[in-house]
Amino acid sequence: MGISGSKFVECVGQTSNEEQGLGPQSEEGGERDEIGEKGDIHDSEGPAAKKCNFHSLPPEVRTRIFKMVLSYSCNFVLKSVIRRQRRKVIREPREPGRRPCKIDVDLLKVDRQTAIEASAIFYRENFFILEDTIALHHFLAAIGSANAAHLLKLRVESWGQTKTHKAFNFPAFTLLRSATSLRLFSINSEICRGNIGHIARQFYQETYHYLDAVVAARNGDIDKAVRFISISKKNFENWERRRLDDEEGIERQKAFRKELSALIQAEKVIHRPEE
């Protein structure tokens, strides 16, 4: 199930088109095609203008249009804020002095079928960067499980460390259970202080609902279920008290995934039904 245009706006940025720069992409005073309520596209000049139905276009053409309109560069981060007594996820630039790129959501307002097709492309094609696990939780709650199933690339900038923030780690990863198609998931901060085994245990305690769902979706292949997960190199450097080069970082990531796989396997053995 997709999301409506207004809900889409709320999920990916501020609550108005003016704040986000989400208005029409045509230049002021120039000719513009208009989209009717049922997906009819027509030139705005004259009653004799030719019409065609958007859904009569081949699926590959519609997909190409969606990708052109709804794909963006990673120059912003999603952050959780309170607006009018409600938690919302807004876009903020990752670099000071720069504005987030524009996301034109007008296409999602054409009709329900277009919203479903376009939202699937949007979540599948883009790389979402979340400020912390609070933002991850509210983002997933807002977009729903059907849209989360299309996500392919996620990064969380900060793992919850304080008492308040840590409380969101477990529920955020529980909501992530629908995102079993992820190909890239990374934590760009320190999870805890300790050796690789200790870090893997802390990560597993907060994420096992999600990991179980991914293992099931990948036919029980634990290696495939953890292969796309990575954590910041800082976790290993802080324990070893030295800088690691790229090759050493890769080796530590492999060791982390191996520990994580062992924890998942041990749990599967404990809950294996008796023959």
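Does at least one position in the range 212-221 carry a residue that is under 24 Å from Ser158 (Cα atoms), in contact (Cβ under 8 Å) with a residue 12 or more places away in the chain and either open to solvent by 60 Å² or more (accessible area, probe 1.4 Å) or not aliphatic (A, V, I, L, M) (or both)?
Yes, the range 212-221 contains a residue that is under 24 Å from Ser158 (Cα atoms), in contact (Cβ under 8 Å) with a residue 12 or more places away in the chain and either open to solvent by 60 Å² or more (accessible area, probe 1.4 Å) or not aliphatic (A, V, I, L, M) (or both).
Can you find a residue in the range 59-77 that is of a type in the set (Lys, Arg), more than 19 Å from the chain's Cα centre (by Cα) and at pLDDT below 70?
no
I'd like to check something: does the range 79-101 contain any residue that is under 23 Å from Ser178 (Cα atoms) and open to solvent by 50 Å² or more (accessible area, probe 1.4 Å)?
The answer is yes, given that some residue of the range 79-101 is under 23 Å from Ser178 (Cα atoms) and open to solvent by 50 Å² or more (accessible area, probe 1.4 Å).
So which residues in the range 128-149 are hydroxyl-bearing (Ser, Thr, Tyr) and open to solvent by 10 Å² or more (accessible area, probe 1.4 Å), if there are any at all?
Within the range 128-149, Ser145 is the sole residue that qualifies.
Taking the criterion of being in a loop (DSSP other than H, G, I, E, B) and under 19 Å from Thr174 (Cα atoms), would at least one residue in the range 238-252 satisfy it?
no
Please verify whether Glu267 is among the acidic types (Asp, Glu), open to solvent by 70 Å² or more (accessible area, probe 1.4 Å) and either assigned to a helix (DSSP H, G or I) or in contact with a Lys or Arg (Cβ under 6 Å, 6 or more places away or on another chain) (or both), treating the condition exactly as stated.
no
Being without any contact (Cβ under 8 Å) to a residue 12 or more places away in the chain and among the β-branched types (Val, Ile, Thr) is true for just one of Thr162, Thr180. Which residue is that?
Result of the check over Thr162, Thr180: Thr162.
Could you grab me the full set of residues in the range 191-211 that are open to solvent by less than 50 Å² (accessible area, probe 1.4 Å) and farther than 19 Å from His137 by Cα?
The answer is Cys192, Gly194, Ile196, Gly197, Ile199, Ala200.
Looking at the range 59-78, which of the residues that are surrounded by 13 or more Cβ atoms within 10 Å (Cβ to Cβ) and among the charged types (D, E, K, R) is farthest from Phe127 (Cα to Cα)?
Checked the range 59-78; the qualifying residue farthest from Phe127 (Cα to Cα) is Arg62.
Between residues in the range 132-144 that are farther than 16 Å from His165 by Cα and residues that are open to solvent by 10 Å² or more (accessible area, probe 1.4 Å) and among the small types (Gly, Ala, Ser), which pairs lie under 9 Å by C-beta distance while being six or more apart or on different chains?
Going by the 9 Å Cβ cut-off, the qualifying pairs are Leu140/Ser178; Gly144/Ser178.
So the check is Cβ under 9 Å with 6+ separation or different chains; which pairs have a first residue in the range 222-235 that's more than 13 Å from Leu263 (Cβ to Cβ) and a second one that's in a helix (DSSP H, G or I) and charged (D, E, K, R)?
Correct list of pairs: Asp223/Arg257; Arg227/Arg257; Ser230/Arg257; Lys233/Asp246; Lys233/Glu248; Lys233/Arg252; Asn235/Arg252.
Please work out which residue is nearest to Glu206 (Cα to Cα), limiting yourself to the range 160-190 and to residues that are in contact with a strand residue (DSSP E or B) (Cβ under 7 Å, 6 or more places away or on another chain) and open to solvent by less than 10 Å² (accessible area, probe 1.4 Å).
Only one residue fits best here, namely Ile187.
From the list Phe66, Phe76, which one is of a type in the set (Phe, Trp, Tyr) and out of contact with any Lys or Arg (no Cβ under 7 Å at 6 or more places or on another chain)?
Phe66
The values are calculated or read from the model by the stated rules, or taken from the named source; none is laboratory data. These numbers were taken from a predicted model, which means no experiment stands behind them. As a convention, Cβ positions derive from the backbone with ideal geometry for all residues, glycine included, and neighbour counts pool all protein chains shown. These accessible areas exclude ligands, DNA and RNA; they are computed on the full protein's heavy atoms, side chains included. Shrake-Rupley method; radii C 1.70, N 1.55, O 1.52, S 1.80 Å.
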